[in-house]
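The values are calculated or read from the model by the stated rules, or taken from the named source; none is laboratory data. Note that the coordinates shown come from a computational prediction; the quantities given were computed from them, not determined experimentally. Cβ placement follows ideal geometry from the backbone for every residue including glycine, while neighbour counts extend to all protein chains displayed. Keep in mind that these areas ignore ligands, DNA and RNA; they rest on the heavy atoms of the full protein, side chains included. Shrake-Rupley method; radii C 1.70, N 1.55, O 1.52, S 1.80 Å.
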Amino acid sequence: MSKSFLSPTQADLIRSMDDVNRRMEEQQAQGQAAALGLPYIDLHNFPVDLGVLAIFDEAEAKEMGAVPFYKDQKDLRIGTVNPRHPHLIEKLKELSSHAKVTLYMVSKRSLEKTLKFYTKVLRPKVAADQSVKVIENKNLHEKLKSLADESLQQKTTASEMLEIFFGAAVALGASDIHLEPEEHFFKLRFRMDGVLQDVLHINKSLQKQVTARIKVLAKLKLNIENQAQDGRLTFYFENKPVDVRVSVLPSAYGEEIVMRLLGNNNSELKVNSLGFRSEQLKVVEKVLQKPNGMIITTGPTGSGKTTSLYAFLNELNEPGVKIITLEDPVEYKLEGVVQTPIDHNVDFNFAKGLRAILRQDPDIVMVGEIRDQETAEVAMQAALTGHLVFSTLHTNDSSGAIPRLINMGVKPFVVAPALSCVMAQRLVRRICQNCKTKIALSPQLVERVKIILSALPHGFKQPEDLEFFHSTGCSVCNKIGYKGRVGIYEVLEVTEKVQELILKEASMSDFKKAAHEQGMLTMAQDGLLKALEGITDVEEVFRVAGE
């Protein structure tokens, strides 16, 4: 029955019952406060200052179940229904550095009434900066080491920890930051030069605070812990923004977080800095000078395919050239290039996106990945109609890319004239030049190296002395023995001979034979030649491109 039809007696009864329920809620909150050793307050008739309320934004206040309700010069008071909320605990640490903060227990009804005042907050202010800033690149590695002391961890806020994590990751050249919950600790690992390195064990009690802080920065939902979430954040390293892609995944001992630091130096990459041998570089430069055609890079995730394509775009990025990319997601920003992200939420996939950007009159197109027949066919048609097209494909080597395209359903008579070059690549770690020493390989390893190098194509001289190197580790390379990475490549130019094989739908072995005859190095051969030059070591070559 609607209240407008209630008799005065019924209305009085309902008001009386509501008063009883409110008093019971307040008594319950008062009892919880006493049990937790916290002061209690009823905010129903408290004159809330909207400026103080704005210390938390509305979404944050609802998420934490907490509202600031009073502040003078030295005293800040906050009411909460959940004093153990990890984000609230982190907020209290941050605010405590500016003022004395007192936490009060309030009832749920009291909180909800106060939250309604947010409709009157016209210009919400945030007390703490919602970004991480690393002001100076000083002693970050040492600060990270010092956090091994658990007593120091307890005195460090989650924001301060992230400042150290992000700053040290950039200083050490890490590409990813992993935070992995274990049963008794929270593990920090950095991926450096493609390999994960254990960095720090964090006290288990700090896990929720660090996780909550990252989720807030990445605009992820704090109350969802049983589903995967993806987001992005930006931190500042010496006043330069660094974009971070954040992935959160539930695990047996809490949420695992992986943060990819999206490269900021890729806009400076040049083709001749990627590690091509002179013979390979001639082929690459030749196909880049063509006004149309398709160049495909192949390899597993993390093999540097995107880096190579960005170097190609940098090489061709001139004022008179229009370049459009289609990526999932856009990882690196290039000035002067139109970069379009894939959006699966609105069914904007590679095939649809490619058709759309071809109507924008581009000269050069980059398609992040060929995943299906439709995308492959549209990309090939674009290469045939006057566009230079770059893309990636997942195959083990360059010779396998052509049969893969045909197996996808692309007609051989389309592939043959459209394809200009196929590159396969891996990344090997560079040995540290500061602690590099000669090393004697085992007889079995020497024999394996000799077999691979004996098959060098014509034009390459057989090495007479097999001298190899290794790095033992020093302060320059942080005792790892490696510093930086370089590519090893197979570069298959689609010549008339290769086009004939495509039209015949030849086998992969036929393509390999033709590639060898026209002077193509395999990745293992390229890697071993770099090992002989003291750039990498044999173990690295066989780790990523074993034959």
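Key figures for this structure:
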{"read-out": "Cross-chain or 6+ apart pairs with Cβ under 6 Å, segment 380-408 first and within 25 Å of Gly519 (Cβ to Cβ) and in contact (Cβ under 8 Å) with a residue 40 or more places away in the chain, then open to solvent by 30 Å² or more (accessible area, probe 1.4 Å) and assigned to a helix (DSSP H, G or I)", "value": "Thr395/Arg404; Ser399/Met508; Ser399/Lys512; Gly400/Met508; Pro403/Met508"}
{"read-out": "Output for segment 185-201, where each listed residue is closer than 22 Å to Val216 by Cα and open to solvent by less than 20 Å² (accessible area, probe 1.4 Å)", "value": "Phe186, Leu188, Phe190"}
{"read-out": "Residue count for segment 299-310, restricted to those that are of a type in the set (S, T, N, Q) and part of a loop (DSSP other than H, G, I, E, B)", "value": "2"}
{"read-out": "Scope segment 229-249; condition under 15 Å from Pro181 (Cα atoms) and either in contact with a Cys (Cβ under 6 Å, 6 or more places away or on another chain) or open to solvent by 10 Å² or more (accessible area, probe 1.4 Å) (or both); matching residues", "value": "Ser247, Leu249"}
{"read-out": "Any hit, segment 333-350, residues being open to solvent by 20 Å² or more (accessible area, probe 1.4 Å), in contact with a Ser or Thr (Cβ under 6 Å, 6 or more places away or on another chain) and assigned to a strand (DSSP E or B)", "value": "yes"}
{"read-out": "Residue selected from segment 261-271 under the condition modelled with pLDDT of 85 or more and surrounded by 13 or more Cβ atoms within 10 Å (Cβ to Cβ), by the criterion nearest to the chain's Cα centre (by Cα)", "value": "Leu261"}
{"read-out": "From Leu115, Leu144, Leu140, residue being buried (at least 19 other Cβ atoms within 10 Å of the Cβ), modelled with pLDDT of 80 or more and either out of contact with any Ser or Thr (no Cβ under 7 Å at 6 or more places or on another chain) or within 23 Å of Leu220 (Cβ to Cβ) (or both)", "value": "Leu144"}
{"read-out": "Subset tally (residues that are in contact with a strand residue (DSSP E or B) (Cβ under 6 Å, 6 or more places away or on another chain) and of a type in the set (Val, Ile, Thr)) for segment 296-333", "value": "7"}
{"read-out": "Test: Val258 is more than 20 Å from Asp363 (Cα to Cα) and either in contact (Cβ under 8 Å) with a residue 24 or more places away in the chain or open to solvent by less than 40 Å² (accessible area, probe 1.4 Å) (or both)", "value": "yes"}
{"read-out": "Filter result (under 25 Å from Thr307 (Cα atoms) and among the aliphatic types (A, V, I, L, M)) within segment 385-425", "value": "Leu388, Val389, Leu393, Ala401, Ile402, Leu405, Val415, Ala418, Leu419, Val422, Met423, Ala424"}
{"read-out": "Cross-chain or 6+ apart pairs with Cβ under 8 Å, segment 157-184 first and surrounded by 22 or more Cβ atoms within 10 Å (Cβ to Cβ), then assigned to a helix (DSSP H, G or I) and hydroxyl-bearing (Ser, Thr, Tyr)", "value": "Leu179/Thr211"}
{"read-out": "Tally of residues being among the small types (Gly, Ala, Ser) and assigned to a helix (DSSP H, G or I) across segment 83-97", "value": "1"}
{"read-out": "Residue ID - least open to solvent (accessible area, probe 1.4 Å), chosen from residues in segment 277-292 that are within 20 Å of Leu528 (Cα to Cα) and charged (D, E, K, R)", "value": "Arg277"}
{"read-out": "Residues of segment 157-174 that turn out to be outside any helix (DSSP H, G or I) and under 15 Å from the mean Cα position of the chain (by Cα), as a count", "value": "2"}
{"read-out": "Every residue from segment 453-499 that is of a type in the set (Asp, Glu) and out of contact with any helix residue (DSSP H, G or I) (no Cβ under 8 Å at 6 or more places or on another chain)", "value": "Glu464, Asp465, Glu496"}
{"read-out": "Matching residues in segment 14-37 - criterion: being over 18 Å from Arg109 (Cβ atoms) and either open to solvent by less than 60 Å² (accessible area, probe 1.4 Å) or in contact (Cβ under 8 Å) with a residue 60 or more places away in the chain (or both)", "value": "Leu36"}
{"read-out": "Residues of segment 98-121 satisfying the condition of being hydrophobic (A, V, I, L, M, F, W, C) and over 13 Å from Val52 (Cβ atoms)", "value": "Leu103, Met105, Val106, Leu111, Leu115"}
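Yes or no, residue by residue, for (1) touching a residue at least 12 places away in the same chain (Cβ under 8 Å); (2) of a type in the set (A, V, I, L, M, F, W, C); (3) under 28 Å from Met192 (Cβ atoms); (4) assigned to a helix (DSSP H, G or I):
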position	(1), (2), (3), (4)
Met294	yes, yes, no, no
Thr297	yes, no, yes, no
Phe312	yes, yes, yes, yes
Thr325	yes, no, yes, no
Pro329	yes, no, yes, no
